[in-house]
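J.: My questions all concern the structure below.
The values are calculated or read from the model by the stated rules, or taken from the named source; none is laboratory data. Remember, predicted model here, so these are calculated numbers, not experimental data. Please note: Cβ atoms are built from the backbone with ideal geometry, for glycine as well, and neighbour counts cover all protein chains shown.
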Amino acid sequence: MQWVPFIILAWLAVLMQASVGKVLTFSGGSIGAVGPDLAAIVATFFALNVRGWADVMLAAFVLGLGLDLSAGGGAGFASAVGPMPVAYALAAGMVYRIREAFFREHWLTQAMLAAIFCVVAHGLWITWQALLAYRTATWAAYVRMWLQVLSLAGYTAVLMPLGHLALARCQRWFISQAEGRHRRR
């Protein structure tokens, strides 16, 4: 894994999440705003293509940390930094463990694994947030948040094949070849 280009990619993914992600967000009626998780597309791509488990976990943690740091509530608002990096790392580790059971280059597999990633990562995050606000949280609000997570996962899954195609074109910049595995021409 080449970490300097990855850090730049992670920064760009967080910037795109904050800008393009807001443009792609729409109101989902009673469940609230629904938009894609563009950083999850990057994390799923790396979980599908990186050789080392530790590299996948660290890359997902960095992406989640970038999202947590960019989603601050502003002055006077409390913002918990920590649940999203851990949730991203756990979700990426799960996708990494089950990736061998699928054809990684098939668009349906990519979409399905991106949806699983989003459900696990954002499900852990909303559960953590609900536990932090246990005195004010209601079951109706928790169910509404789960509907929002499922909608976000579906939206992200639709965009995952396009993201995978774009990232695959520049994969050599981020993922290094293993020693002794180079192909001869």
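J.: Out of everything in the range 116-175 that is of a type in the set (V, I, T) and under 29 Å from I8 (Cα atoms), what residue ends up being modelled with the lowest pLDDT?
T.: I175
J.: May I pose another question? Show the residue pairs that are 6+ apart or on different chains and have beta-carbon atoms under 7 Å apart, the first residue being within the range 139-168 and under 14 Å from E105 (Cβ atoms) and surrounded by 20 or more Cβ atoms within 10 Å (Cβ to Cβ), the second being modelled with pLDDT of 95 or more and among the hydroxyl-bearing types (S, T, Y).
T.: Listed by first residue and then by second, the contacts come to M160/T44.
J.: Report, ordered by the first and then the second residue, all pairs with beta carbons closer than 9 Å, sequence separation of six or more or different chains, a first member in the range 113-136 that is in contact (Cβ under 8 Å) with a residue 40 or more places away in the chain, and a second member that is of a type in the set (D, E) and not in a helix (DSSP H, G or I).
T.: A114/D37; F117/D37; C118/D37; A121/D37; H122/D37
J.: For residues in the range 10-60 being hydroxyl-bearing (S, T, Y) and touching a strand residue (DSSP E or B) at 6+ places or on another chain (Cβ under 9 Å), which is farthest from Y142 (Cα to Cα)? First the steps, then the outcome.
T.: Here is the first cut: in the range 10-60, the ones hydroxyl-bearing (S, T, Y) are 19, 25, 27, 30, 44.
Restricting the remaining residues to those that are touching a strand residue (DSSP E or B) at 6+ places or on another chain (Cβ under 9 Å) gives 25, 27.
Values: T25: 21, S27: 18 Å.
Restricting to residues being hydroxyl-bearing (S, T, Y) and touching a strand residue (DSSP E or B) at 6+ places or on another chain (Cβ under 9 Å), the top hit is T25.
J.: A further question on this structure: Name the single residue, out of those in the range 16-70 being surrounded by fewer than 24 Cβ atoms within 10 Å (Cβ to Cβ) and among the charged types (D, E, K, R), that is farthest from the chain's Cα centre (by Cα).
T.: So, considering only residues that are surrounded by fewer than 24 Cβ atoms within 10 Å (Cβ to Cβ) and among the charged types (D, E, K, R), the one farthest from the chain's Cα centre (by Cα) is R51.
J.: Related question: Can you tell me which residue among L58, L65 is in contact with a Pro (Cβ under 9 Å, 6 or more places away or on another chain), more than 23 Å from L147 (Cβ to Cβ) and assigned to a helix (DSSP H, G or I)? Full working, then the answer.
T.: On the way: L58 fails: in contact with a Pro (Cβ under 9 Å, 6 or more places away or on another chain).
Matching residue, one of L58, L65: L65.
J.: Here is a check on your reading of the model: is L113 closer than 26 Å to F26 by Cβ, surrounded by 20 or more Cβ atoms within 10 Å (Cβ to Cβ) and touching a strand residue (DSSP E or B) at 6+ places or on another chain (Cβ under 7 Å)? Give the derivation first.
T.: Values: closer than 26 Å to F26 by Cβ: yes; surrounded by 20 or more Cβ atoms within 10 Å (Cβ to Cβ): yes; touching a strand residue (DSSP E or B) at 6+ places or on another chain (Cβ under 7 Å): no.
In short, no.
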